[in-house]
1. Glu13 fails exactly one of the following numbered conditions: (1) in a helix (DSSP H, G or I); (2) among the charged types (D, E, K, R); (3) modelled with pLDDT under 90. What is the number of that condition?
2. Considering only region 285-292, I want to know if a residue exists there that is part of a loop (DSSP other than H, G, I, E, B), out of contact with any helix residue (DSSP H, G or I) (no Cβ under 9 Å at 6 or more places or on another chain), at pLDDT 95 or above and at negative phi.
3. So, Ala233, is that one surrounded by 24 or more Cβ atoms within 10 Å (Cβ to Cβ), within 24 Å of Gly135 (Cβ to Cβ) and of a type outside the set (Val, Ile, Thr) or not?
4. Hey, could you check region 261-277 for residues that are small (Gly, Ala, Ser) and assigned to a helix (DSSP H, G or I) and say which is surrounded by the most Cβ atoms within 10 Å (Cβ to Cβ)?
5. Quick one: which residue in Leu195, Leu280, Leu239 is farther than 22 Å from Phe89 by Cα and buried (at least 23 other Cβ atoms within 10 Å of the Cβ)?
6. Taking region 37-55 only, how many residues are β-branched (Val, Ile, Thr) and assigned to a loop (DSSP other than H, G, I, E, B)?
7. Within region 65-117, work out how many residues are within 13 Å of Thr299 (Cα to Cα) and at pLDDT 85 or above.
8. Counting just the residues of region 380-411 that are among the small types (Gly, Ala, Ser) and under 42 Å from the mean Cα position of the chain (by Cα), which one comes out modelled with the lowest pLDDT?
Amino acid sequence: MTGGDGGRSRGMEMLRWLLRRYGAMPFAEAEAAVLASEELSPLRTPAELRVAMLGLRRDGVLLAARNRWGDRTLYLPAEELAAWHSLLFAAVPEPLPFGERIVTAEGPARCPGPRGRAPLSRQLLRTWADLRRRGGLPLTANGALHRARAAKLAEAMELAPQELAPLLGAAAADDAAIQAALFLAIELGSELGVLGRTVGAIEAGSGDGWSGFDGTMEELDALLHSLLVRHYAPGDPGLHFAALSLGRLEPNRWYLERETREAFGMTERQPGRAGWDAWLRAAACFGWMEFGRRGEEETIRWTVRPHVGVPGKPGELSVPSGSSVPGVADVPERPVVYVQSDLEIIVPPEVGFGMRWRLEEIAERIALDHVSTYRLTRASCENAVRLGLRPERIAETLREAAGHALPAAATGAIEDWLRDVRTGEQAEAAGHTLRRSAWLAGPLLLLPRPEPLRDCEPDGSVPSRDELFPGLAAVPPAWLAQTRRYHASTRKDMAELALAWRTSLRIEPDGGGGYSFIPESLERLGESWSLVGRVRDAANGDVAAEAVAADSVMSARGTDRVALSVDSLGAIRLELPPEPRREL
């Protein structure tokens, strides 16, 4: 990716660090170089890391933008993070063997989660259907949700405001916190084409002639996971990294949580550790993840198949090459429901969302579970017609769902109930028919989404080497090419230049040996100067304390600082990383 094997290694190393540290959020180049030099091991100079970022920019991996004041920031495109994650963090941990004794639990003490929570797909179906049964959700004159009606609808969601805080931030803790889950349900419904906005209300589309998402509920959860990762997780890099990492685990298999965390480089001291814990808890709150214990070890497993790719368009689930959504290959070509003679309707798990949406329109819900049940009643039929469904479509919908003619008793009951009910045309005249043609264009956004580049313009320029190292052209070539003895004032000038460029010095003391030194400050020491920094071996980055004169060492273990007298440095040379070479 950058010049030479060492350059490529540093480029990939820097990309891994950037993905984990910043995710899709923009960052300042100088700040990132300094932070990376402190957090990466073995020791790296900010200069090496700036050059590594330059290589990433030339390769088109890292992009730049400028705000209205001209300040430049760098960022990784959000739509490419999942692909880079799978490449850079290829070592996915192995699940525990089948038959391991796991005791389900509320999760680690640091991020306890609920047990037995319904998957988000069911919570949303219930909320969307309730909104439709009520004829929509009215808006106030200033476009806000009708508070009392919204609070009633929000009861269908099991999510508490504090459970949404990692994804929604302040929006989950403000005065309207009770509606945060409902806001999320409305936005996701709009994304899938289930809900839309008219001038005065939020409305649900009719199931008659449904042409939107029609996968199973399990596939809907996979799509919802993808939408949450894409739209809401990027605002917190730690949360985003956790979502990408955990999304690569197999569903319905137990994993050791600590082992999983370590496999993706998320140690106890990583800045993104809080985001990791927050995503674990969020996944449990969405009904997607279970916690357990194997002895004293904490375990996790997905109860749905997570998906982190980007759908081709709203409502369309894109499955990565070589993978599959469970059940797709094995389900019947036309999954059917079972209509009993008493008009109870049994819905197996493989029935698609479109048919479930139509059943919610015409029948009363008894249980929404892995296998759901409904019942057709006089009241449900009358409500369906009131909302604009033609009476004859009720029986037709049931026949389509069952795949065969209905029992005679069921057909007779439906005809009796609907004999005196208004026709669909009358309901439409009364203004009850829900038509997508009346919806206002554009997505329904009620919650803040991270848009850090909203006021920025793309910056396609790539800095030259002289920009990375200001004044390079005026530096004597020997300072960069030869390790030699210089006058004390020249050594001080070279030390100041190394500090300005945030690069290292090659030092060869009079007593023999040599080492690479990363200066961090130049301090007055009586009539002379003291250079404070860290020591490393130029070949492999390891600390080389034995090469430093004993009377010059404050401490030379790990990342502790070393103080060297400028007068006794011996032969020195400025070290600059090589020019990056385009590889992609």
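The values are calculated or read from the model by the stated rules, or taken from the named source; none is laboratory data. Remember, predicted model here, so these are calculated numbers, not experimental data. Note that each Cβ is placed from the backbone with ideal geometry, even for glycine, and that neighbours are counted across all protein chains shown.
1. Against the list (1) in a helix (DSSP H, G or I); (2) among the charged types (D, E, K, R); (3) modelled with pLDDT under 90, Glu13 comes up short only on (3).
2. No, every residue in region 285-292 fails to be part of a loop (DSSP other than H, G, I, E, B), out of contact with any helix residue (DSSP H, G or I) (no Cβ under 9 Å at 6 or more places or on another chain), at pLDDT 95 or above and at negative phi.
3. Considered against the rule, which asks whether it is surrounded by 24 or more Cβ atoms within 10 Å (Cβ to Cβ), within 24 Å of Gly135 (Cβ to Cβ) and of a type outside the set (Val, Ile, Thr), Ala233 comes out as no.
4. Step one: list which residues in region 261-277 are small (Gly, Ala, Ser), which gives 263, 265, 272, 274-275.
Checking which are assigned to a helix (DSSP H, G or I) leaves us with 263, 274-275.
Working: Ala263: 18, Ala274: 16, Gly275: 22.
Among those that are small (Gly, Ala, Ser) and assigned to a helix (DSSP H, G or I), it is Gly275.
5. Working: Leu280 fails: farther than 22 Å from Phe89 by Cα; Leu239 fails: farther than 22 Å from Phe89 by Cα.
It is Leu195.
6. The total comes to 1.
7. Residues meeting the conditions: 10.
8. Residues of region 380-411 among the small types (Gly, Ala, Ser): 380, 384, 388, 395, 401-403, 405, 408-410.
Among the residues that remain, those that are also under 42 Å from the mean Cα position of the chain (by Cα) are: 380, 384, 388, 401-403.
Values: Ser380: 93, Ala384: 88, Gly388: 82, Ala401: 91, Ala402: 91, Gly403: 89.
Among residues in region 380-411 that are among the small types (Gly, Ala, Ser) and under 42 Å from the mean Cα position of the chain (by Cα), the one modelled with the lowest pLDDT is Gly388.
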